Amino acid sequence: MGIPVWLWVNNPTPSSWGPEPKTATLGGVTVTATAKVQSLTWNSGDGQNVTCGAGTPFNAVAYANTAAVDSPTCGLRYQHTSKGGTFTVSATTNWVVEWSGGGQTGNIQMPTTSTSTTLRVGELQSVNVVTPAGDTNH
């Protein structure tokens, strides 16, 4: 069955997730452009790809006395260990800028942004642990 892994954007803000609107006027024409993430794709490093929104942060206190639980909005399950090595996990966002002004509208696709980290999966069991308040490293 595998271990559930919850995927989420940590503290999304308008500048890191959107929407981020900006307005400018020149020569009597006002244009409003709004940048936002159009999609987010996670690559697990073992062949799985998951496309979803900002996700739901895992709450260790709420799930402290339960079995492994799948994320309600964005997650995956590793089906095998990383065999002593690591998986390279990446998140790739696709941004779009929606604009309107002067009686016109349109969309501008922006270059994707991506980040990655490594993850070692040694066992396919889970134990939920309550950590001290403010500890975001678990």
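Some observations on this one:
- Measuring nothing but how far apart in sequence close Cα pairs (under 8 Å, 6+ apart) lie, relative to its length, the chain scores a relative contact order of 29 percent.
- Net charge of the neighbourhood of V5, taken over other residues with C-beta under 10 Å away and scored Lys/Arg +1, Asp/Glu -1, is 0.
- Calculated from the structure at hand, Cα Rg over 2.2 N^0.38 Å is found among [x] 1.07; [y] 1.02; [z] 1.36 as [z].
- You can think of it this way: the chain between M110 and S16 has 32.5 nm of extra reach, that is 0.36 nm per residue less the Cα-Cα gap.
Values quoted throughout were computed directly from the atomic coordinates according to the rules given, and no laboratory measurement underlies them. Since the model is a prediction, treat every value here as computed from it, not as a measurement. Note that each Cβ is placed from the backbone with ideal geometry, even for glycine, and that neighbours are counted across all protein chains shown.
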